[in-house]
Amino acid sequence: MAILFPVFVVLILVGVQVANVFHARTVALAAAQKGAAAESAFAAPPGAGEARAAAYLASMGDVLTDWDVVVVPVAEGGGEVIGVRVTVTGTALGWLGMRFRVSQTAYSPIERFTTESSP
């Protein structure tokens with residue numbers, strides 16, 4: 001038992017750390033999705049996606065630290081913007097001073113008003 005106990009403790013700590021990293025990835029993805037939805041909304045003001053993602057990350061506390069939100073418009077061949085891509089990058093906290101970099105990206109098409117075309 002004296003030999004196996006430290007092994008079990010290390011396995012439990014590694015399991016907790018892996019769960020923490022996956023939770024941070026989920027938070028980053030949720031922030032990216034919220035940012036993409038806000039930025040692509042009909043008549044959204046510039047910077048709405050970054051502000052929404054930042055507000056969500058701030059509300060989640062220290063799950064993700066040193067985070068950065070990057071909003072990139074996606075254009076098709078003619079130069080018309082058809083969507084937006086939001087990438088959230090940050091650091092997941094770990095035990096014993098370990099840090100893990102996580103990054104998640106979400107895409108959303110731009111909402112626009114269209115009319116039915118005549119035949």
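The numbers here are math on the coordinates, done by the rules we state, and not lab data. Bear in mind the structure is a predicted one, so any value in this text is a computation, not a measurement. Here the Cβ is made from the backbone with ideal geometry for all residues, glycine too, and neighbour counts use every protein chain on show.
A few notes on this one:
- Mean separation of Cα pairs under 8 Å and 6 or more residues apart, divided by the residue count, gives the chain a relative contact order of 28 percent.
- Cβ-based charge dipole, the range 4-109, positive-most Cα from Ala55, Ala36, Val21: Val21
- Fully extending the segment from Met98 to Val74 would add 5.1 nm, taking 0.36 nm per residue of separation and subtracting the current Cα-Cα distance.
- When each of Ile82, Ile110, Ile12 is scored by the number of other beta-carbon atoms lying within 10 Å, the sequence from fewest to most is Ile12, Ile82, Ile110.
- Distance in nm between pseudo-label sites at Arg112 and Ala51 (7 Å out along the Cβ direction from Cα): 2.4 nm
- Comparing Leu29, Leu64, Leu93 in a Gaussian network model of the chain (Cα springs below 10 Å), the most mobile by mean-square fluctuation is Leu93.
- For the chain, the alpha carbon positions stretch 80, 29, 22 Å along the principal axes, listed from largest to smallest.
- Among Pro46, Ser117, Val10 the positive-end extreme of the charge dipole of the chain (Cβ point charges): Val10
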